[in-house]
1. Once the Cα gyration tensor of the stretch 9-56 is diagonalised, what are the square roots of 5 times its eigenvalues, in whole Å and ordered largest first, as equivalent ellipsoid semi-axes?
2. Step through the residues of the stretch 132-143 one at a time and calculate ³J(HN,Hα) from phi using the Karplus curve (6.51 cos²θ - 1.76 cosθ + 1.60, θ = phi - 60°), rounding each to whole Hz and writing x for Gly and Pro.
3. With the cut-off at 27 Å, tell me which of the pairs Lys127/Lys231; Lys150/Lys231; Lys13/Lys150; Lys63/Lys150 have Cα atoms farther apart than that.
4. Quick one: P(r) of the stretch 1-88 from all Cα-Cα pairs, 10 Å bins, percents rounded to integers, in order of increasing distance.
5. Using mean Cβ contacts within 10 Å as the protection proxy, how do 7-18, 77-88, 93-104 order, highest first?
6. Once you have the alpha carbon radius of gyration of the stretch 61-101, what is it after dividing by 2.2 N^0.38 Å, with N set to its residue count?
7. Top to bottom by accessible area (1.4 Å), largest first, where do Tyr69, Tyr55, Tyr145 land?
8. Please work out the Cα convex hull volume for the stretch 20-147 and give it in Å³ per residue.
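The values are calculated or read from the model by the stated rules, or taken from the named source; none is laboratory data. Note that the structure is predicted; figures quoted are calculated from it, not measured. All Cβ positions, even for glycine, are placed from backbone atoms using ideal geometry, and neighbour counts span all protein chains on display. Quick note on the areas: whole protein, heavy atoms, side chains included, nothing else; ligands and nucleic acids left out. Shrake-Rupley method; radii C 1.70, N 1.55, O 1.52, S 1.80 Å.
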Amino acid sequence: MSLSDKPTIVVWKYLTAENLDVINGATNNGNLMEVISGIFKLGDDSKSLVLLEFYFHILKFAKENSMNYAQTSTLFSIMKILLERCVATPFNNNSETYTFFKEILVKHSLQRPPYSVGVFDVGQVQKISEFVLNTFFRHYSMYKYVFTPKVRIDLTFEYDGLPPTPEPTPTPSEHSELQLEVEEEPVEEILPRELTEEEKNLKDVIQNAIGAELKQLQGRLETMISEHDEKISQQVEALEESIGMKSGRKSSKKKK
């Protein structure tokens, strides 16, 4: 999935009417989870279990709000696409995903074919917005951590005047079929060479430079994490204001 993709109509993208017949036939929560796991062929690993719970709460929300097949399938498709966009990059894309969510929700709330379809009414849009805010976006970082490939940086330093570090020699494994013949010969003890004054100074310079770089890197990471948390808090407050949650609370207080 490309993050530059525009919202499209996704009414029957991931769930068919036949799938929903089986889902609605589930007698309890445990049976529903078994049905979901069978439809999407989920395993027992940690990622599959997180996906299973994610799908379960979407379908449970749709059932509690008496959504029909088209509405349930559309909501499921929107949520699944949001998750795919969330984990498409290891970097923070919370704002972009939230903007995409608003656009795709509007695209399924207005009857203006072929540009949009009126799957949800105004009341359902309000409930869906609150549901997505309180579930998906509240746990956005968790989903990114679970499903996003980790980024590793390998650093290599080269210094003028010092010989290159030799490649490590492979050691035979315990189960190797090769048998090494060990000759019992006296081994000459090799004492480490004492460093010259110039090499000692160079070693101190390298250690000081690496220590300073590590401190700067740690400081930048802490700053990035702090800014990320603050940005998420601001977005959550903005979303609450946009769906009228804060105004509703204030008006209820005034009535008291």
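1. Over the Cα atoms of the stretch 9-56, the ellipsoid semi-axes are 18, 15, 8 Å.
2. Each residue of the stretch 132-143 in turn: 5, 5, 7, 10, 5, 6, 5, 10, 4, 5, 5, 4 Hz.
3. Details: Lys127/Lys231 24 Å; Lys150/Lys231 22 Å; Lys13/Lys150 29 Å; Lys63/Lys150 36 Å.
Violating the 27 Å Cα-Cα cut-off are Lys13/Lys150; Lys63/Lys150.
4. Spelled out per bin, shortest first, that is 16, 50, 29, 5, 0.
5. Working: 7-18: 15.0, 77-88: 19.7, 93-104: 17.0.
Order by mean packing, descending: 77-88, 93-104, 7-18.
6. For the stretch 61-101, the normalised Cα radius of gyration is 1.39.
7. So the residues, ranked largest to smallest area, are Tyr145, Tyr69, Tyr55.
8. Values: hull volume 14.5 nm³, N = 128.
Given the Cα convex hull of the stretch 20-147, per-residue volume reads 113 Å³.
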